[in-house]
1. What ranking do 315-321, 61-67 get when scored by the average of other Cβ atoms within 10 Å per residue, highest first?
2. From the residues 244, 139, 171, which one has its Cα farthest along the dipole of region 125-292 in the positive direction, the dipole being from +1 and -1 charges on Cβ of Lys/Arg and Asp/Glu about the Cα centre?
3. Among rounded, prolate and oblate, which fits region 235-298 when a ≥ b ≥ c are the square roots of the eigenvalues of its C-alpha gyration tensor, a/c under 1.5 means rounded, and a/b larger than b/c means prolate?
4. Among rounded, prolate and oblate, which fits region 110-206 when a ≥ b ≥ c are the square roots of the eigenvalues of its C-alpha gyration tensor, a/c under 1.5 means rounded, and a/b larger than b/c means prolate?
5. Set Lys and Arg Cβ to +1 and Asp and Glu Cβ to -1, take the dipole of the chain about its Cα centre, and tell me which of 258, 318, 130 lies farthest positive.
6. Give the lysines reachable from residue 222 as a straight Cα distance under 25 Å; neighbours fewer than 8 places away on the same chain don't count.
7. Calculate how many DSSP beta bridges within the chain are antiparallel, expressed in % of all such bridges and rounded to the nearest 5.
8. In degrees, nearest 10, range 0 to 90: what is the angle between the Cα axis of helix 302-314 and the longest Cα principal axis of the chain?
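Any read-out appearing in this document is the output of simple, stated calculations on the displayed coordinates, not a laboratory observation. In this text the structure is predicted, and so the values were computed from the model without any measurement. Neighbour counts are summed over all protein chains in view; Cβ atoms, including those assigned to glycine, are modelled from backbone coordinates with ideal geometry.
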Amino acid sequence: MKILGIETSCDETSAAVIDDVKVLSNIISSQEIHNQFGGVVPELASRAHIRTIVPIVEKALEKAQASLSDLDGFAVTYGPGLVGALLVGLNFVKGLALATSKPFVGVNHIEGHIYGNILSQTKIEFPIIFLIVSGGHTQLVLMEDHLKYKIIGQTRDDAAGEAFDKGAKLLGLGYPGGPLIDKLAQKGDPDRYQFPRAMLKDNPFDFSYSGLKTSLLVFLQKLTPEEKEKHLNDICASYQKAAVEVLVVKTIRAAKEYGAKRIAIAGGVAANSLLRSWLKQACDEHGFEFYLPDFAYCTDNAAMIARAGLEYLRHGKQSDFNLNAYPALKLTQTE
């Protein structure tokens with residue numbers, strides 16, 4: 001099957017064509033206009049998607065050497081995300097499906113990240129404990145087979161990626177903050193400062209990052225600008241270690257609890273260098289197979305949406321034209 005995928009959930013306009021599990025094209029246009037605001041402005045994001053979606057789809061088809069008539073179907077993100085941004089991609093795909101009389105399927109953005117990891121593997125076996133970490137989501141999911149999920153842990157407040165972005169803003173580093181903290185942390189001492197780790201005894205697989213953000217705010221209020229500048233690398237390294245340690249500990253614990261022999265990470269924070277190296281080391285020590293995604297499929301992209309959509313269409317599942325955008329869509333447990 002040959003599928004065109006489209007992703008417009010936030011500030012990337014992306015289109016991709018995949019043939020079974022081979023990526024023929026994966027075009028991404030990132031919106032730089034939001035940098036000056038320190039975060040994504042929803043209205044500006046929607047307008048940018050409208051301007052760029054047609055040329056991006058044309059580039060994806062051209063690079064894949066494919067036409068609309070060559071395709072077997074379409075996949076598009078319908079949530080979670082910014083509602084205006086989601087509607088641009090969703091309505092565009094509905095138009096393509098109507099014009100070509102080909103099926104389309106709406107894909108959960110979180111599920112897309114899972115399949116971004118699967119897209120990176122030459123061989124995959126189930127069950128897998130997936131750690132999904134992004135700007136809006138931190139979840140532990142037991143994936144028992146294709147399209148079959150059991151939610152075993154999730155964030156109670158802020159996600160790990162949110163903690164990185166807001167932490168970077170407090171430090172005056174800019175947006176997006178995760179890569180900036182990661183870069184500076186590599187030059188710092190991760191043990192110089194102690195920030196809290198929320199382990200949540202009542203549910204060992206849930207996450208909470210609001211306390212970590214608050215602790216950084218209180219810590220910085222006690223420093224002079226000169227002290228903050230002098231120890232910036234150490235602060236970043238210590239803050240990052242606190243965030244990542246919780247992710248690693250809980251993921252290993254979940255794999256042991258549920259008897260899974262494989263661990264995988266997905267989402268934008270899956271590109272974090274400390275998380276990738278630390279979790280790989282922990283998997284090696286405890287005898288787990290580790291599925292690491294390519295960097296290209298960590299951040300928002302359409303290839304991961306196309307791969308998830310391909311799995312749905314293979315199973316004879318498709319969406320109808322009543323499908324709407326759901327900005328707070330959650331990954332649900334399936335039987």
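1. Descending mean neighbour count gives 61-67, 315-321.
2. Result: 171, furthest along the dipole toward the positive end.
3. On the way: a/c = 2.07, a/b = 1.30, b/c = 1.59.
Verdict is oblate for region 235-298.
4. Details: a/c = 2.23, a/b = 1.61, b/c = 1.39.
Cα axes put region 110-206 in the prolate bin.
5. Result: 258, furthest along the dipole toward the positive end.
6. 166, 169, 183, 187, 213, 230, 241
7. Numbers: 26 of 43 bridges.
Antiparallel: roughly 60 percent of the beta bridges in the chain.
8. The two axes meet at around 50 degrees.
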